[in-house]
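Where a number appears in this text, it was derived from the coordinates with a stated rule and is not lab data. Here the structure is a predicted model, which means the values were calculated and not measured. When we count neighbours, we look across all protein chains shown, and the Cβ atoms used for this are built from the backbone with ideal geometry, even at glycine.
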Amino acid sequence: MRPRSTASRKRTANPASLALQRVLVTIKQRRFSPRVAAGILIGAIIVIHLAWSASFPGTGRTVAHTNQLADRGVRFDRERDAALSSSLFEFPPLDDLIDRDRLWPPDLEKPICKPTIFVYSLPQHLELSETTVKQCRWSAYNSELLLYKLLQDWTPSSELAQHVTVTDDPAKADLFFVPLFPACYCFECWVKAGWTKTERCGVDEDYIQPIMKWVQSHDSWARNNGADHIIVHPMDFGDGYYTTTSRSAMNATIHLVTVGDNRRPPFSSHFRHFQDLVIPSSTHLINSYHINPMDYLDDQGHPLVEPRGAAAANVGHDPNYPPSTYPEIWSPSLGSKRSNGPSSWFKSLTKLVNPGHETKATTRTITAVFRGGVGNPGEDERYALNIRSLFFPSATGNVSEAPFSRHVHQGLSSLPGYDIAKWSDNDDYSRRLSRSKYGLAPPGYTLDTTRIYEYFAFGVVPVFIGTGHHAGQVLPFRNDFDWDEFTITIPRSQAHQLPKILESISREKYEQLRQNVWNVARLMVLEGKRGNVWKWLARDLCRMRRIGTDAGPDISNN
Ligand SMILES: *[C@@H]1O[C@H](CO)[C@@H](O)[C@H](O)[C@H]1NC(C)=O
Ligand SMILES: *[C@@H]1O[C@H](CO)[C@@H](O)[C@H](O)[C@H]1NC(C)=O
């Protein structure tokens, strides 16, 4: 028989005597005075005895089993505290890796590949009219237009050029962007039809199909049968609004969608799991009303005592708004277009007398913010998985009456620090967002809601309630962003515990989340200036099309 190795013999030795030995060696090495040494020794013996008896409970004990378990729990806590304060559990932290690329999430400034994108120019008769486009800027389908515009405005010196190249030469392209905006087409159609969503206005025969026919006549389509072509579908059901003929024509392409769902069909039936990439949806606040969060916050994301003068200028539905410029979320607006008269004169005077006034920041005092409705009678769990029934007071517990709860309760809105309401005007909502720690994110008709990106833009930590990746939602850029670093997730079954859960988050933990929202999550917000969204999309497209992902000589983690 082979002799046992020292290592395996060590493992079977009595841990208590080993620990005692270690204490004795330490005392000897450190040369403590006899009194201190005796004290340490007695302390160590007590700790080791407790640890030993916990490892083998029940020896010579007559207490009832349940009591014993409870007792053990308490004792375990005490031992754990003792062990934590002794040096028994001390190990050196791992050294930083020299090659940071072995870790995830990645350094976002280092692209996986730099894909070259060709953007088709449609013949004029296939383009949407200017009025349709203008109308669409007021819709959540604006993302179609923003993503297109960001590529159109690309220059070799733009920030985006570190991550993506836009080319005029289809032969050089890895990917092809099709400026097809069927959601904008439908939006205008539905506005005209008074929101009769069955109305189509010829979107299939007059719009999608002619454009797809034109695109498919190019050599660049034939090269990969369209698999390297990109089309945006920012509506809840993706391409599910169109006829089979239209969907077939677009079927080979990569779709950029705003709703991804891992639940079983029918909930996920519009999501084409390996062909669709989820993008952040466009928010009205930022991309339609051009509210700039930086008019309400300082550069660290803390609320300004008084929003900057420019903030008020963008409020209201001015037909000339939004202007042709892009919405801004990275630096304060330059000035107020509409502030004439005595108030602006008075403001300038105050600024002169007290120059720090406009940028004085304070702290967030609202625990949780939410603006939104509860659905309609009869929708029951089809709307928001019934989670919003907890948000507002339920006086009757009659499920047919808002907020559609089977129980009588006071509603989360009644709690101090909970700023929950159906509606606010943009400026009011922006002020409240800037002063809120957490933002509630229950589902609506889908798991996705655009308010997540309003929260990010305003430095608010989102609280997924029955949403998020633990609930089956496919989150944008989950391959490169660790959403757990900047969001809180509460499963539907614990929605009623929300106040307790938020209360239990320490100040330090909250501050960490807040900083991650401000420094990391905010980079996901769809806006028109920096176009970060294309940087993260490029990473997913590199993976999807396997561009620049060849294995090197060193395959890690073997
Ligand atoms: C799209 O392609 C898939 C896989 O080839 C096929 O099963 C599906 O029926 C196609 N859908 C349409 C609408 O053509
Ligand atoms: C519940 O509310 C509905 C709608 O208001 C009403 O018709 C119904 O009678 C109510 N049920 C009870 C038990 O009060």
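Figures for the structure shown
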| read-out | value |
| --- | --- |
| Three-way shape label, the stretch 481-524, alpha-carbon gyration tensor, a/c 1.5 | oblate |
| Modelled label reach - E381, point 7 Å along Cα→Cβ, the stretch 262-301 residues with backbone N closer than 20 Å | 262-269 |
| Kirkwood-type radius of the stretch 173-228, with distances r between different C-alpha atoms, in Å | 12.7 |
| Centre separation in Å (Cα based) which lies between the stretch 142-173 and the stretch 282-302 | 24 |
| Gained length - H496 relative to T367, 0.36 nm times residue gap less alpha-carbon distance | 44.8 nm |
| Ordering of 462-470, 211-219 by burial proxy (mean other Cβ atoms within 10 Å per residue, highest first) | 462-470, 211-219 |
| Using a Förster distance of 30 Å, the FRET efficiency for E109-N224 (Cβ separation, nearest 0.05) | 0.55 |
| Ordering of 181-191, 414-424 by burial proxy (mean other Cβ atoms within 10 Å per residue, highest first) | 181-191, 414-424 |
| When each of K197/K437; K197/K422; K134/K360; K192/K535; K114/K192 is checked by Cα-Cα distance, pairs over 32 Å | K197/K437; K134/K360; K192/K535; K114/K192 |
| Ranked packing of 276-283, 293-300, most packed first, by mean Cβ within 10 Å | 276-283, 293-300 |
| Virtual spin-label span in nm between T198 and T116, 7 Å along Cα→Cβ | 5.0 |
| FRET efficiency for K134 and H284, using Cβ-Cβ distance with R0 set to 25 Å, rounded to 0.05 | 0.95 |
| Positive-end extreme of charge dipole, the stretch 450-558 - chosen from P499, Q512, T450 (charges on Cβ) | T450 |
| Additional length obtainable on full extension of the chain from H125 to Q152, 0.36 nm per residue less Cα span | 7.8 nm |
| Nearest-0.05 FRET efficiency for S248 and T359, computed from C-beta distance (R0 45 Å) | 0.20 |
| The stretch 83-126: C-alpha gyration tensor shape, a/c 1.5 cut-off, then a/b vs b/c | prolate |
| Simple spin-label estimate for E306 and R546 in nanometres, 7 Å along Cα-Cβ | 6.2 |
| Inter-part distance where the stretch 404-465 and the stretch 510-527 are each reduced to a Cα centre, Å | 17 |
| Length added when fully stretched, H407-A395, from 0.36 nm per residue minus Cα-Cα | 3.5 nm |
| Cα-based shape type of the stretch 421-526, given that a ≥ b ≥ c are square roots of the gyration tensor eigenvalues and the cut on a/c is 1.5 | rounded |
